[in-house]
Amino acid sequence: MAKDLLLTLRAVGLDEREAQLYMVGLQLGSAPASEYAKNTSLNRITTYNTLEELVHRGLFTVVKKLRGKAYTPVAPEYLALEAEKNVAALNRALPELKSLQKAKYRKPTVRFFEGWEGIRHVYMDTLTAKTELLNFANSAAVRSVWPDYDEEYVAERVRKSISLRGIAPDDETGKRVHGEDKARLREIRLVSSGDFDFTNEINIYDHKMAICSFGVNAKGDGDVFGVIIESKEVAETQRQIFEMAWRYAGRQNSKH
């Protein structure tokens, strides 16, 4: 329990020495620095200096007596109040802190996920989208390796009210999926499966681009992996590429 309490105190801003002294102080009440030193692993000089710093920070009070000083920790409720103030201050600063992420020369974040569980992790990340999903996909490929894709993923996307625009091959599965667009909060445009038979999936959302490869290629084999690239510049470029393809797909559909 004592170890857990030390970890909790460190989490609210006390270092290891300060946390030790605070816990000892709650047990001693009001005591001189020498008593604190006896009840901790700290020497007298370190104990005195640390207690003075804690007094300066308002976490201890000190009373001068004839033979020295007596130190008393503030009530635990005060620590809780200070922690709440720190959280509130951090929340107020979040917009400014997040704006730093948009610096012109910020390096993109690239995360790689291997295997089927990695693929599922990438899909779950798309469900955090605050923008619509823009999607290049082979409707048959994902459903061949994830039979419950519609029930587990698509239904959750709809529940979260995340809309999708997608481009997919005009094959049997593509036509069937396209026919369910309205109920699935999406709009799919089909393109010739002979010319555009995608073997992986790309999703563009927020400041991210996610790629999933299902181990399917022309030879019937391949690696199963996912990649998430987080970069405002990359995502915006991919959005423009998607919009160009979207217009092309619209013209192709209008001919049929």
Signed unit charges on C-beta, dipole axis of the chain, positive-most listed residue Thr126, Tyr153, Asn39: Asn39
Sorted by Cβ neighbour density within 10 Å, fewest at the top, the residues Asp4, Asp171: Asp4, Asp171
Theoretical FRET efficiency, 1/(1+(r/R0)^6), r = Cβ-Cβ of Asp15 and Thr109, R0 45 Å, to 0.05: 0.90
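Nearest 5 percent is fine: what portion of the DSSP beta bridges confined to the chain is antiparallel?
In the chain, approximately 75 percent of DSSP beta bridges are antiparallel ones.
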Karplus-derived 3J(HN,Hα), 6.51/-1.76/1.60, for each residue of the range 175-192, Hz, glycine and proline x: 5, 5, 5, 4, x, 9, 3, 4, 6, 9, 6, 8, 9, 10, 10, 9, 10, 3
Residue with peak Gaussian network fluctuation, the chain [Cα springs, cutoff 10 Å], from Asn49, Asn86, Asn200: Asn49
Spin-label proximity, Val87 to the range 4-19 - amide N less than 12 Å from point 7 Å beyond Cα toward beta carbon: 12
Angstrom value of the Kirkwood radius, inverse mean 1/r, which spans all Cα pairs in the range 109-180: 13.2
Using distinct alpha-carbon pairs, which all enter the 1/r mean, Kirkwood radius of the range 2-77 in Å: 12.2
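How big is the equivalent ellipsoid of the range 7-151 along its three axes, where each semi-axis is √(5λ) from the Cα gyration tensor, reported in whole Å from largest to smallest?
Numbers: eigenvalues 591, 66, 39 Å².
Semi-axes from the Cα gyration tensor: 54, 18, 14 Å.
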Most fluctuating residue given options Ser34, Ser144, Ser213, as computed from a GNM of the chain linking Cα atoms under 10 Å: Ser34
Reported label for calculated P(r) over Cα pairs in 10 Å bins from 0, in percent given (1) 7, 34, 37, 18, 4, 0; (2) 6, 22, 20, 12, 11, 12, 10, 5, 1, 0; (3) 7, 28, 34, 23, 8, 0: (2)
Candidates Thr40, Thr109, Thr173, ranked by Gaussian network fluctuation over the chain, Cα under 10 Å, top entry: Thr40
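For Arg67, Arg111, what ranking results if the residue with the fewest other Cβ atoms within 10 Å of its Cβ goes first?
With the sparsest Cβ surroundings first, the list reads Arg67, Arg111.
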Residues Met209, Met23 arranged by fewest to most Cβ contacts within 10 Å: Met23, Met209
Under 5 Å, built H, 5+ apart or other chain: amide partners of Gly215: Asp223, Phe225
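Only the coordinates and a few stated rules stand behind these numbers; no lab work does. Computed from a prediction, not measured in an experiment: that's the story for all the values here. Every residue, glycine as well, gets a Cβ built from its backbone with ideal geometry; the counts of neighbours run over all protein chains shown.
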